[in-house]
Every structure is written in structure tokens, then in C-alpha cells.
Amino acid sequence: MTNKEKYEKVFIESFEVASEQLSNLTYQSIPLWDSVGHMNLIASIEDAFDIMMETDDIIDFSAYEKGLAILSEKYDVQF
């Protein structure tokens, strides 16, 4: 499984969405992506990529696309 597939899988499983919805997904744009859902998402991402995200990055992680940028720029996850 590629890193992109892992990333997508975390979102799909966390928020029960279709892969077609991912690129437009933003924080609080769906009911499951509330503050609790956000922390569950972050925990799942940290587990999937064996990383520990900094608090500022967790706060900045406001959209599917933004997450890709944060992970690739700051945590050396290649997509």
C-alpha cells in the first residue's frame, strides 16, 4: 500500500466518506469531522505513518489537502 493509499484509508475509515469526497474535505465540513473526530484522525495518521505530530501541525491540519502538505513538508512522508 502506498503512502497516499494509507492516507486516504485513514480518512475514509475515520469519516465514513467515499474517496471521491476527499479532495474537498475540510474541518467541520461533515458532522464526523468535529473536534473529537479531528483528534481520532490525527491519532490514526500518527499510527499509520509512525510519527508524532507537533501541536501546531495538529491545529493547522484543517483539510485533506493541507494534511498532505504538512506530512510531506514536515514529516518526510512522500506521496
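Brief remarks on what is shown
- Tabulated pairs, segment 55-79, first in contact (Cβ under 8 Å) with a residue 60 or more places away in the chain and closer than 17 Å to Thr2 by Cα, second part of a helix (DSSP H, G or I) and of a type in the set (Lys, Arg), C-beta under 8 angstrom, 6+ apart or interchain: Phe79/Lys4
- Taken over segment 23-39, residues that are surrounded by fewer than 17 Cβ atoms within 10 Å (Cβ to Cβ), modelled with pLDDT of 95 or more and not in a loop (DSSP other than H, G, I, E, B) amount to 5.
- Within segment 33-54, residues that are under 16 Å from Asn3 (Cα atoms) and among the aliphatic types (A, V, I, L, M) reach partners that are modelled with pLDDT of 95 or more and not in a helix (DSSP H, G or I) with beta carbons closer than 6 Å, at six or more positions or on different chains, in the pairs Ile51/Tyr75.
- Flag for Ile51 being modelled with pLDDT of 95 or more and part of a loop (DSSP other than H, G, I, E, B): yes
- Selection status of Val10, buried (at least 16 other Cβ atoms within 10 Å of the Cβ), β-branched (Val, Ile, Thr) and either modelled with pLDDT of 95 or more or more than 13 Å from the chain's Cα centre (by Cα) (or both): yes
- Look at segment 1-19: where a residue is under 15 Å from Leu32 (Cβ atoms) and a partner is aromatic (Phe, Trp, Tyr), sitting 6+ places away or on another chain with Cβ atoms under 6 Å, you get Phe15/Trp33.
The values are calculated or read from the model by the stated rules, or taken from the named source; none is laboratory data. Given the structure is predicted, the values throughout are model-derived calculations rather than measurements. Note: ideal-geometry Cβ built from the backbone for every residue, glycine included; neighbour counts use all protein chains shown.
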